[in-house]
Every structure is written in C-alpha cells, then in structure tokens.
Amino acid sequence: MGDEEIMNLLPGKFDASKALIVGLRSWDKGMQERQKELSIKGLAPKETADNSSAIMEWLKNTEASKVVIHFDLDVIDPADMIAGVGVEPDGMKTEEVVRVINDIASEYDLVGLTIAEPMPRIAIKIRNMLNQLPLLKE
C-alpha cells in the first residue's frame, strides 16, 4: 500500500491488519471501505471509556511484543479540550487517553509515540487579539 518509491525508503512496514483505530467517531464512506479492505479494527470512545480491556485483548490476539502509538488529538472530546482540528462531540476524555497509553506501556514495549494535529486555536486567537493592541503593534 502506498507510493512504491516512498515505501522502499522506509526501514520497516506494518501489516495494516495489525493496526487498531481507537477513539475515531466519524467515518466517511470511503474511510469505512478502506478500513474494511485493509482489515483494520476500530473501537469507538465508549468502548474504551471505562477500561482498556478491549484494546489489551486485541493486542494479545495480535501476538505483538512491540507497540507504536499514533495519538491523533482529534480523538479528544472538545468538551474536555480542543486540541486538534476536529471538534466532533463524544470523544475520549484526556484521562482516558492517558490511561490507555499507560496501560499499553505497562504490558508492551512501547517503541514509538507520535502526536498529530495539534491546533492551538486559543493561542492563535489571543495572539491575533493582542497584536491589535497599542503596546504590541509593530
């Protein structure tokens, strides 16, 4: 899957069926089809709200010993924190995300963690507002 030239530059590859999407709550039709085609399992926020057992069971069934986590900030519920680009309701709470990552790290070798889509909306708005004030104008 992917651009062959780029794929050949990568030091390693993952089997898509060994990927689990946790916390996504809106799938467009194309995304659903692609996920099904690649055999990627998904868990909604409500499936991990109380505990990480569904994730841990899935990991156990993969027989993986090492785990890479791609933490997309869009999974966080905007009522808890608007950190990513998306503001779709009913996402994961910050403490749930922390628990999930810590639960995984307590049982598996966590060899990678990426954080994606930070969008500092409030900081940008404050900066823009302050730039209009007399003392901060250039």
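Scan the stretch 76-112 for residues that are within 23 Å of Ser65 (Cα to Cα) and not aromatic (Phe, Trp, Tyr) and the total you get is 16. The residue that is surrounded by the fewest Cβ atoms within 10 Å (Cβ to Cβ), among those in the stretch 65-84 that are more than 20 Å from Asp109 (Cα to Cα) and hydrophobic (A, V, I, L, M, F, W, C), is Ala79. Among the residues making up the stretch 97-112, those that are of a type in the set (A, V, I, L, M, F, W, C) and either part of a helix (DSSP H, G or I) or farther than 18 Å from Thr62 by Cβ (or both) are Val97, Val98, Val100, Ile101, Ile104, Ala105. Looking across the stretch 18-37, the residues that are under 17 Å from the mean Cα position of the chain (by Cα) and in a helix (DSSP H, G or I) come down to Lys18, Met31, Gln32, Gln35. Within the stretch 41-64, restricting attention to residues that are surrounded by fewer than 17 Cβ atoms within 10 Å (Cβ to Cβ) and among the hydroxyl-bearing types (Ser, Thr, Tyr), the residue that is nearest to Ser17 (Cα to Cα) is Thr62.
The number of residues in the stretch 12-56 that are under 22 Å from Gly112 (Cβ atoms) and among the hydroxyl-bearing types (Ser, Thr, Tyr) comes to 4.
All of the numbers you see were taken from the coordinates with simple rules; none came from a lab. Note that this is a predicted model, so its numbers are computed, not measured. Note that each Cβ is placed from the backbone with ideal geometry, even for glycine, and that neighbours are counted across all protein chains shown.
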